[in-house]
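Notes to accompany the following structure.
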Amino acid sequence: MWLQEAYLSRYQVQHNLPDLSLAIENFRLASRHPTQGFPRRITEAIDWARQAEVYQHESAPEAYQTCFELFNSHVMTRSSIISRREAASAFQDAQSLPVDAASCAIRRGNLRHAVELAEQGRGQQWSLASRLKTPVEDLESTSPKLAHDFLELSKRVSDAAQSSATITDRAAADRAETKYRKFVEQWEAVVAEIRKLQTFSRFLLPPSYEDLQAAARHGPVIILIASQYSCSAIIVPTSGEPHHVPLPSVALADLIILKDRFTRAIRHASRMNPAETRTDLIVLLRIVWDEIMLPIVNVLENVLKLKRRSRIWLCPTAAFTSIPLHAANPFLTKADRSKEPCLEDLYVCSYTPTLSALVRSRQMMKRHITPSFVAIGQGQPGAGKGTALLTVDSELVPATANRITISGDEATRAGALEALEGNTWVHLACHGKQDPTQPYNSHFVMRDEHLTLLDIMDRDIPHAEFAFLSACHTAVGDKETPDEVIHLAAGLQFSGFKSVVGTLWEVDDAVAKHVVEAFYKYMFHQKEEGVMDCTKAAWALNCATHAVKTKVPLEQRMVFIHIGV
């Protein structure tokens, strides 16, 4: 038994507060001991956070912060995207840490820290990769030796961690563990040296609230926290302090049930006649409106005084990621027979996987770029027929956009990758397949081979602006690490596309084409000017889904979501 566990056991029997204090202090020491490897220290930090919550100890925020710092360092030493995901999903009880940490800060009245913790713990595989890429390039020009040492030691730590996991001989395992701890100490020492440089004081450190608030420059960002301790929302405004919105009618268990009910309702709706009323879906969307979005709308209207038709960004966490929040609707009729406004009547809704992703997309916007538009259609049996694709290409895109169509035998994996690299706007009309257990294997179906998420992330896509993914399951996440939001739409955003339209479930080509056509009509309604502005995508999608209400059933309108700027 470890010392902290012994003190905790004695406290449970005798209830002497000094024993609890000693237990917490030993959890703290164990999680920060330099000779321990990252996995052991992370386990101790998680135990510390859990016990601090159980006994309502004041060290809980510090424990969560330590978890993320250690986890950050551990995952950062992994050399590949796949190994980072394996590291991210290796710790039991770690999945809920981001939302539990945010809930902890909310309960203590520190909303700024809640935003930072929610961001720090979510989307770490995206955040780490993006935070590392540019700083290391900058570091190479500032201090080539430190850059070399950092990359070399990252590789050594990663290799040592992965090789030691396969050793069965005890003596060999001990030697490997000693070697691993030595590399970890050297890696941490190099990171400390890098942070002493003038412009690298926050090297690999997570962003502050001030950094994250830049995401709300063009409209508030609403973070929805789904924790075992509480469910609530934090609204990050354009300026000033964040606002807390309690959701007293919502518990984590309720959201899990709601998610399952949506899955069944959508499956049932797909077998219905298009003209039939989607009663099950209407009931569920009323619940989303009454219990989740209405309290948030009340703050937006009455506290922030946000004008109607303004843009808002939804940033759901954990169980909230499976709920179609944008489609919240009271489905009520006023005395004058007009309809009560739904969320998308009031505001133009977008999603963002993290605040950092939105900040990064805005920073990457290029003012002067020659527009080009490629439409990729896949005619393989079982894939989409590409009818919407042809409408997009031949009628709706400005003539100045250098239109290209790739379909049939040309719609190969290599052809699609080349098109992604060489064009600013992309429309993919093919089937997408989400792999819930290995999300980086999620793919688009091409003529010869699958175009995987990993293929896209590995490419440099310097001119990317907008992507429309007219395919199935392109914005559905990862079951193992739900707060990593690893899906095809997020992958395209990470790779450089600033604005992405994706889908939450299966698309019916026969009716979805009406949404696609209406979307591009609104997107390019001033096409004689030849203006291609990816920041209009959310507005165009909002207008399109309103315009096709009589043609397209409810579940095929709400399937499309906008992500990004």
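The values are calculated or read from the model by the stated rules, or taken from the named source; none is laboratory data. Source: prediction; values computed, not measured. Positions of Cβ are generated from backbone atoms using ideal geometry, with glycine treated the same way; all protein chains shown enter the neighbour counts.
Say we look at segment 150-175 and pick out the residues that are β-branched (V, I, T) and surrounded by 14 or more Cβ atoms within 10 Å (Cβ to Cβ); which of these is modelled with the lowest pLDDT? Top of the filtered list is I167.
Reported count of residues in segment 1-20, each being aliphatic (A, V, I, L, M), surrounded by 11 or more Cβ atoms within 10 Å (Cβ to Cβ) and more than 11 Å from Y55 (Cβ to Cβ), is 2. Taking the conditions (1) under 36 Å from the mean Cα position of the chain (by Cα); (2) at pLDDT 90 or above in turn, G37 satisfies each one other than (2).
V559 satisfies every condition listed in (1) under 19 Å from P436 (Cβ atoms); (2) at pLDDT 90 or above; (3) surrounded by fewer than 22 Cβ atoms within 10 Å (Cβ to Cβ) except (3).
State whether one or more residues within segment 292-299 are at pLDDT below 95 and not charged (D, E, K, R). No: zero hits. A count restricted to segment 432-452 and to residues that are closer than 16 Å to G502 by Cα and of a type in the set (K, R) stands at 1.
Could you check segment 526-556 and list, in sequence order, the residues that are among the acidic types (D, E) and either surrounded by 22 or more Cβ atoms within 10 Å (Cβ to Cβ) or at pLDDT 95 or above (or both)? Within segment 526-556, E555 is the sole residue that qualifies. Out of segment 286-317, which residues are touching a residue at least 60 places away in the same chain (Cβ under 8 Å) and among the polar types (S, T, N, Q)? Once the filter is applied, which keeps residues that are touching a residue at least 60 places away in the same chain (Cβ under 8 Å) and among the polar types (S, T, N, Q), segment 286-317 yields S310, T317. Go through segment 502-525 and give me each residue that's buried (at least 23 other Cβ atoms within 10 Å of the Cβ), part of a loop (DSSP other than H, G, I, E, B) and either on the phi > 0 side of the Ramachandran plot or not aromatic (F, W, Y) (or both). Listed by number, the residues that qualify are L504, V507.
Within segment 528-544, residues that are in the same structural domain as R557 (by the TED database) have Cβ atoms under 6 Å from residues that are hydroxyl-bearing (S, T, Y) and modelled with pLDDT of 95 or more in these pairs: C534/S499; A537/S499; A538/S350, counting only partners at least 6 apart in sequence or on another chain. Look at segment 325-347: where a residue is in the same structural domain as A233 (by the TED database) and a partner is acidic (D, E) and at pLDDT 95 or above, sitting 6+ places away or on another chain with Cβ atoms under 7 Å, you get H326/E344.
In summary, helices (runs of 4 or more DSSP H) completely within segment 202-303 and bearing 2 or more residues that are exposed (fewer than 15 other Cβ atoms within 10 Å of the Cβ) occur at 252-269, 279-287, 294-302.
Does segment 173-193 contain at least one residue that is assigned to a loop (DSSP other than H, G, I, E, B), touching a helix residue (DSSP H, G or I) at 6+ places or on another chain (Cβ under 8 Å) and of a type in the set (A, V, I, L, M)?
no
For segment 485-500, check the following and say yes or no: at least one residue is part of a helix (DSSP H, G or I), among the aromatic types (F, W, Y) and at pLDDT 85 or above. Scanning segment 485-500, I find no residue that is part of a helix (DSSP H, G or I), among the aromatic types (F, W, Y) and at pLDDT 85 or above, so the answer is no. Selection within segment 397-419: residues that are touching a residue at least 60 places away in the same chain (Cβ under 8 Å) and touching a strand residue (DSSP E or B) at 6+ places or on another chain (Cβ under 6 Å). The member of this set that is surrounded by the most Cβ atoms within 10 Å (Cβ to Cβ) is V397.
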